[in-house]
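The values are calculated or read from the model by the stated rules, or taken from the named source; none is laboratory data. If you're wondering where the values come from, they're calculated on a predicted model, not measured in any experiment. All Cβ positions, even for glycine, are placed from backbone atoms using ideal geometry, and neighbour counts span all protein chains on display.
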């Protein structure tokens with residue numbers, strides 16, 4: 001890095017700015033992780049039955065592992081544990097914006113209202129390859145989007161990690 005800075009007469013970014021940007025990214029990564037961990041642990045502490053489910057799963061998978069340790073090889077087996085984290089993220093998103101770029105032409109089916117019988121009417125929207133889609137994580141939570149509609153999740157205002165744990 002110093003070599004690049006010393007070789008150019010007018011560096012695009014100073015060493016101090018590089019250090020600052022690195023610190024921000026490092027801190028931001030820790031902050032979002034800490035938020036998810038804190039929310040998950042608080043929910044597990046408040047909901048003993050869900051805590052018991054996660055605890056039993058961790059005990060079982062640890063017993064079944066070769067060395068009695070949890071590692072990346074056990075990740076796919078942690079359905080209930082991962083569901084607890086997903087549920088905490090559903091209720092308290094750690095980020096405010098989710099950006100994704102489409103890799104291919106994609107058709108999204110989005111709710112466009114209901115008919116006279118209460119059935120959801122879907123509209124197909126073509127999203128061409130290369131389009132950046134922004135998901136408003138806070139808006140999804142605040143304005144009763146897909147993750148809060150009883151049609152998709154019974155009792156959406158209740159903490160229920162088991163709703164995500166279908167392997």
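Pairs are defined by a Cβ separation below 8 Å, a sequence spacing of at least 6 or placement on different chains, a first member in region 31-45 that is closer than 12 Å to residue 95 by Cα, and a second member that is in a helix (DSSP H, G or I); the pairs so defined are 36/85; 36/88; 36/89. Residues in region 116-153 that are in contact with a helix residue (DSSP H, G or I) (Cβ under 8 Å, 6 or more places away or on another chain) and at pLDDT below 65: 141, 145, 146, 147, 148, 152, 153.
Do we have any residue at all in region 27-40 that's within 14 Å of residue 80 (Cα to Cα) and modelled with pLDDT of 75 or more? Yes, region 27-40 contains a residue that is within 14 Å of residue 80 (Cα to Cα) and modelled with pLDDT of 75 or more. Contact map, region 55-70: residues that are at pLDDT 90 or above paired with residues that are in a helix (DSSP H, G or I), Cβ distance under 7 Å, separation 6+ or inter-chain. Pairs shown: 57/80; 57/81; 58/81; 61/74; 61/77.
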